[in-house]
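This report concerns only the one structure given below.
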Amino acid sequence: MQSKIILISDDSDFFEYITPKLSLRKNDELYKLGFSQMPEKIHLLDCSILIVNSENRKQQTLDLLNIIEEQPLIVFGYNEDENFKVEALKKGMLAYFSPTTPDEELKAQIYTANKIVSLINKKGIYRNILVKNNLIEQNNEIYKDFVCVLDTALNNLKESASYATLVAIAPDEKSKFLIQQNLIETVILNHIRKNDLLMSYSPNKYFLLLNNTDLPTAKHVWKKISSFLPAGIHTGFSYVGHKKRQQIINEALNNLHTSINASTSENNFAGMNNNDNFKLIRQNFNKKLEKVISPVFYHIQQKYNDKLFNMEIEQGQGDGYGVLYIKSSDFVGTCRITSPGLSIINIDISFELLKNDNQNNTILSEKLKPKRINLEPEKFEEGLLQDILEQFINEFKELNEIIINV
């Protein structure tokens, strides 16, 4: 296996002293640099072993440790400065040696450094595969295919009898235009562990899987992360447990939507007691119907109609309402959006069996209960509506599967 070793020193005698001790092979690469050459040669540090002469260059050595992240760095010094060694170890130094260190011990240090470099190379190859297949972003660790990533993670949790919490994250309608690009993911990635997974769900929406984390701990972790974020970022939590993937996602998104809508819901009824206000609200809702609801309904139809076996999606609308139906031979789901005349929009979701089947009615009685989502007009936007409809369709598919298998 080829090694790339970089010697860093402002003393040429150090190069002559250390080179014979390295036992270099024919295909190994050796570079000799002074501290002043580091900025222009910084690209050489990638996947290499660094051996640094810290004599009279202790601060520069510590600065170099701040620059590199995972690369193994071995420090040489003539004098045993314990304070310096402790500080260097805190910053990631792999090992320390001096003229009194036996050659076999130095070779053992280089052997360990080589193993670390090999792992870094493998990680880089794997990451490039993920980027090439459009599964992860080029400049960060955000996974794009959240379904695949979650399925793999849930299988691993099941096999290891471990646990986790899923967090759905999104800014509210007003905040998303004020947040700097990539701010949310940058802050999250800087404050989570390596085995936690950040996934992109849709623009400005994310899933965060916190491994080995129960629900109270997950909320505590998010409280610390959110202290570095601006106001207006909301979350919904779902403890993984023994639930299926879609159930976990639905629960997290439902809790997210509840959080987004809860902040100002107490103002829904203020100043809406006369006919002029009623007409104005109805006009505004009809604009929403034209510019938001109908286009999203159409998009969902186009996305799913060819993917749903023996199911159909239809939409309809009238003055003050819009409705989306999903139908199978035995079952129908309805998502009806209305404005009751107050500063609120209602989304009513219901499921109905088309055949009188007492067994199915008994099994599904709890799941067939209608539910209502209340939204302020300002909070009602395309991304949020699409999320709700995606959940509605997935829930219909799950219920329909239960009916088929009974």
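Observations
- For the stretch 142-262: rounded, prolate or oblate by the Cα gyration tensor [a/c cutoff 1.5]: prolate
- Amide proton proximity set for I345, modelled H, under 5 Å, gap of 5+: L375, E376
- The stretch 37-117, relative contact order in percent, only Cα pairs under 8 angstrom and at least six apart counted: 32
- Each label was represented as a point 7 Å from its Cα along the Cα-to-Cβ direction; for C47 and K371 these points are 4.8 nm apart.
- The amide H of K4, built 1.01 Å from its N in the peptide plane, has E29, I49 as neighbours under 5 Å, considering only residues 5 or more places off or on other chains.
- Nearby aspartates and glutamates by direct alpha-carbon distance to K58 (threshold 16 angstrom, same-chain neighbours under 8 apart not counted): D10, D11, E80, D81, E82, E87
- Pairwise label distance in nanometres, F15 with Y31, each label 7 Å out on the Cα-Cβ vector: 1.4
- Taking 0.36 nm per residue of separation and subtracting the Cα-Cα distance, full extension of the segment from Q180 to A231 would add 17.1 nm.
- Label-to-label distance, N79 versus K4, with points set 7 angstrom from Cα along the beta-carbon direction: 3.5 nm.
- Set K4/K144; K122/K144; K158/K194; K144/K369; K122/K219 screened for pairs whose C-alpha atoms are more than 25 Å apart: K4/K144; K144/K369; K122/K219
- Per-residue HN-Hα couplings for the stretch 291-305 [Karplus 6.51, -1.76, 1.60; θ = phi - 60°; Hz; x = Gly/Pro]: 9, 10, 5, 4, x, 5, 4, 4, 4, 5, 4, 4, 6, 10, 4
- Between K291 and N394, the FRET efficiency estimated from the beta carbon spacing at R0 = 25 angstrom works out to 0.45.
- When T100, T213 are arranged by Cβ crowding within 10 Å, least crowded first, meaning fewest neighbours, the order is T100, T213.
- Fully extended contour minus Cα-Cα distance, from Q315 to I68, at 0.36 nm per residue: 83.3 nm
- Normalised convex hull volume, the stretch 4-132, alpha-carbon set, Å³ per residue: 116
- Karplus (6.51, -1.76, 1.60) ³J(HN,Hα), θ = phi - 60°, over the stretch 28-34, in Hz, Gly and Pro reported as x: 6, 9, 10, 10, 10, 10, x
- Of interest is the spacing of the C-alpha centroids, which for the stretch 211-251 and the stretch 17-79 amounts to 42 Å.
- In plain terms, the chain from S23 to E378 could stretch by 120.9 nm, reckoned as 0.36 nm per residue minus the Cα-Cα distance.
- When the C-alpha to C-alpha distance is required to be over 24 Å, the pairs from K243/K303; K327/K371; K287/K307 that qualify are K243/K303; K287/K307.
A short reminder: the numbers here are calculations on the coordinates, not readings from a lab. Computed from a prediction, not measured in an experiment: that's the story for all the values here. Glycine also receives a Cβ, built like all others from the backbone with ideal geometry; neighbour counts cover every protein chain displayed.
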